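To start, the structure under review is shown below, and the notes come after it.
Values quoted throughout were computed directly from the atomic coordinates according to the rules given, and no laboratory measurement underlies them. These figures come from a predicted structure and were not determined experimentally. A quick note on method: Cβ atoms are made from the backbone with ideal geometry, for glycine too, and the neighbour counts reach across all protein chains shown.
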Amino acid sequence: MSVALPLSRERYEAERKRLTEYLSELAGLEHDPTAHYAPFDDGGMGSFRIVDRSSGVETPEAVIDEYCFDDLDNVGVLVTVYSKGDGFISSVDFWKLDFSPIKAFPSNADLRKPEIVNRDI
């Protein structure tokens, strides 16, 4: 079951940790249990980066996986997982299809692979 927002700062941290741990497991990456998380300024969509893993050198990120879920208002949300190639997730980007803030963090069971529709144009 999704966790409805708003959440306390501590609960946000716990939900980001839970989600990052699960996404790391799915992607076959390491998970740093001591990591901390910082939100992106994305209008409340829920995106965040993992801090305390930086070497001080800015390294480009690459998409390593994508998932989706339906928010509490039934609007789809795309979740894109990024890594800097160091074996860890570096950020998780949420993109709600109507650009509104997310209403809940997804549970592990809510996440699914997006359907790819092949349409001849």
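Just a few scattered comments:
- Thr59, Thr20 arranged by Cβ crowding within 10 Å, fewest neighbours leading: Thr59, Thr20
- Per-residue ³J(HN,Hα) for segment 61-72, Karplus 6.51 cos²θ - 1.76 cosθ + 1.60, θ = phi - 60°, Hz, x for Gly and Pro: 9, 10, 5, 10, 6, 9, 9, 9, 7, 9, 5, 4
- Taking the helices alone, the chain has a mean residue ellipticity at 222 nm of -5500 deg cm²/dmol, built from -39,500 (n - 2.57) per DSSP H run of at least 4 residues and averaged over all its residues.
- Neighbour-count order for His31, His36, fewest beta carbons within 10 angstrom listed first: His36, His31
- Sites excluded, chymotrypsin sites (Phe, Trp or Tyr not before Pro) in DSSP loops with at most 15 other C-beta within 10 Å, longest stretch of the chain: 41-98
- Our estimate of slack between Arg18 and Ala4, defined as 0.36 nm per intervening residue step minus the Cα-Cα distance, is 3.6 nm.
- Using a cutoff of 8 angstrom between alpha carbon atoms and counting only pairs six or more residues apart, the relative contact order for segment 60-110 works out to 33 percent.
- Here the contact order of the chain, divided by its residue count and restricted to Cα pairs under 8 Å and six or more residues apart, works out to 30 percent.
- Per DSSP, loop GluC sites (Glu not before Pro) in segment 1-99 with at most 13 further Cβ within 10 Å: Glu58
- Calculated P(r) tail over 17 Å for the chain, as whole % of Cα pairs: 56
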